[in-house]
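J.: The structure that follows is given in the form of structure tokens.
Where a number appears in this text, it was derived from the coordinates with a stated rule and is not lab data. Everything quoted here is computed from the prediction, not taken from an experiment. Please note: Cβ atoms are built from the backbone with ideal geometry, for glycine as well, and neighbour counts cover all protein chains shown.
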Amino acid sequence: MDLPTLSNHFSIPGILSFSQTEHGLLRASITTPACCAELYLHGAHLTQWQPKGSRPVLFLSERSLFESGKAIRGGVPIIFPWFGNRTPTAWSRRSDGPSHGFARTAEWTLAFAALAGDEVHLTLTLDPSETSRSLGYDQFQLVYQLTLGAELRLRLTVRNLGSEPLRFEDALHTYFAVGDAREIAIHGLAGTRYLDKTDHFKLKVQDEPVLRLSGETDRPYLDTAAAVDLEDPVYGRRIHVEKSDSRTTVIWNPWSALTAKLPDMTTEGWVSMVCIETANVATDAITLGPGEQHTTEARIAERSHATRQPC
């Protein structure tokens, strides 16, 4: 899909337009009475969503790489079909492939765009490619539906087109912009079991009623469908994250030492972000029978804000 095709078939005057970066990546820009947003076909990657009169809700690294084959740091990367590094499992002995799978660096196809009221609706698809087939995935389809307005709705559907069971992990790896990660509070996960990836994947339980970050944090919370609230006193707002058909919530902040090792993050980038990921990973991984499908959905809303900014 090239720029003229996108523009001719999907542009909405004054609302949805398309452009191409210096590195050849195709980008959609959305401006409605309710929000402004930006999405790349590279990875079907949403890099901006900002309700009108509010700060940007998503964090995007100033050093993010916008190049073919490279993951974008920030926004909402799509994780599929494995989470983190690929390791041998009961359903696959393979350990090859990029971290977090191939979907976040693949070129997706825009299939639908429409305006309904103050909301833009987009649908993108990803089918098997030489890359996915080389990694053992050749009988699937991904369908990604975004509703962009005063609230943000993301729906990732995985379809098993093969004759054998399809086992996978997925995540909407959402980076939220915060005033200071050391000051935020995350509500909704009290009493939930999690894997502490900073402590040899030990299984623990969050005893604290509210999670406050004090160092590197990398926690897949298991078997939870709970909504999560991100309280940000510096920005004076609360972000509410609901989900459907997701049994894992991942909380991640690299803190200072790990950030210093990430070439696509500034030294102090960790202060301005936290990931709250809608996912199905580890013991919550999904198995689809032939012809079955599964949809992971996240719904994000800003409940209050003190600082108004134009898009």
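J.: Please work out if Ser163 is closer than 19 Å to Ser68 by Cα and of a type in the set (S, T, N, Q).
T.: No, not satisfied.
J.: For Pro290, all conditions in the list (1) over 22 Å from Pro56 (Cβ atoms); (2) in contact with a strand residue (DSSP E or B) (Cβ under 8 Å, 6 or more places away or on another chain); (3) surrounded by 13 or more Cβ atoms within 10 Å (Cβ to Cβ) hold save one; what is the number of the exception?
T.: (3)
J.: For Leu124, work out the one condition from (1) under 18 Å from the mean Cα position of the chain (by Cα); (2) in a loop (DSSP other than H, G, I, E, B) it doesn't fulfil.
T.: Unmet for Leu124, out of (1) under 18 Å from the mean Cα position of the chain (by Cα); (2) in a loop (DSSP other than H, G, I, E, B): (2).
J.: Inspect all residues belonging to region 265-272 and state whether any of them is under 18 Å from the mean Cα position of the chain (by Cα), crowded, with 17+ Cβ neighbours inside 10 Å and part of a strand (DSSP E or B).
T.: Looking for residues that are under 18 Å from the mean Cα position of the chain (by Cα), crowded, with 17+ Cβ neighbours inside 10 Å and part of a strand (DSSP E or B), one finds none in region 265-272, hence no.
J.: Of the residues in region 243-264, how many are crowded, with 19+ Cβ neighbours inside 10 Å and of a type in the set (Asp, Glu)?
T.: 0
J.: Moving to a separate point now. As an exercise: evaluate Ala111 against (1) assigned to a strand (DSSP E or B); (2) loosely packed, with under 14 Cβ neighbours inside 10 Å and give the number of the one condition it does not meet.
T.: Every condition holds for Ala111 apart from (2).
J.: State which residue pairs qualify: first residue touching a residue at least 40 places away in the same chain (Cβ under 8 Å) and under 22 Å from Ile72 (Cα atoms) and inside region 9-23, second residue loosely packed, with under 14 Cβ neighbours inside 10 Å and of a type in the set (Ser, Thr, Tyr) in any location, beta carbons under 8 Å apart, and separation of 6 or more residues or different chains.
T.: From residues that are touching a residue at least 40 places away in the same chain (Cβ under 8 Å) and under 22 Å from Ile72 (Cα atoms), the pairs are His23/Ser68.
J.: Could you list all residues from region 115-131 that are free of Cβ contacts under 8 Å to residues at least 40 places away in the same chain and either hydrophobic (A, V, I, L, M, F, W, C) or touching a strand residue (DSSP E or B) at 6+ places or on another chain (Cβ under 8 Å) (or both)?
T.: Hits for region 115-131 are Ala116, His121, Thr123, Thr125, Asp127, Pro128.
J.: Answer with yes or no whether Leu152 is under 26 Å from Thr105 (Cα atoms), under 20 Å from the mean Cα position of the chain (by Cα) and of a type outside the set (Gly, Ala, Ser).
T.: yes
J.: Next up: Please find, within region 116-127, the residue that is nearest to Ser92 (Cα to Cα) out of those that are of a type outside the set (D, E, K, R) and surrounded by 15 or more Cβ atoms within 10 Å (Cβ to Cβ).
T.: Out of the qualifying residues, it is Leu126.
J.: Here are Thr192, Thr174, Thr147: which of them is touching a Gly at 6+ places or on another chain (Cβ under 9 Å), polar (S, T, N, Q) and either within 30 Å of Gly269 (Cα to Cα) or exposed (fewer than 14 other Cβ atoms within 10 Å of the Cβ) (or both)? Before you say what the answer is, go through the steps one by one.
T.: On the way: Thr192 fails: touching a Gly at 6+ places or on another chain (Cβ under 9 Å); Thr147 fails: touching a Gly at 6+ places or on another chain (Cβ under 9 Å).
Within the list Thr192, Thr174, Thr147, the selection yields Thr174.
J.: Residues being outside any strand (DSSP E or B) and surrounded by 23 or more Cβ atoms within 10 Å (Cβ to Cβ): count how many of those fall in region 151-168.
T.: 0
J.: Let me confirm something: among Leu166, Leu172, which residue is under 24 Å from Thr47 (Cα atoms), among the aliphatic types (A, V, I, L, M) and in contact with a Leu (Cβ under 9 Å, 6 or more places away or on another chain)? Walk me through how you get there before you give the answer.
T.: Working: Leu166 fails: under 24 Å from Thr47 (Cα atoms).
Leu172 is the lone residue from the list that is under 24 Å from Thr47 (Cα atoms), among the aliphatic types (A, V, I, L, M) and in contact with a Leu (Cβ under 9 Å, 6 or more places away or on another chain).
J.: Would you be able to say whether some residue in region 274-281 is crowded, with 20+ Cβ neighbours inside 10 Å, part of a loop (DSSP other than H, G, I, E, B) and touching a helix residue (DSSP H, G or I) at 6+ places or on another chain (Cβ under 9 Å)?
T.: Among the residues of region 274-281, not one is crowded, with 20+ Cβ neighbours inside 10 Å, part of a loop (DSSP other than H, G, I, E, B) and touching a helix residue (DSSP H, G or I) at 6+ places or on another chain (Cβ under 9 Å), which makes the answer no.
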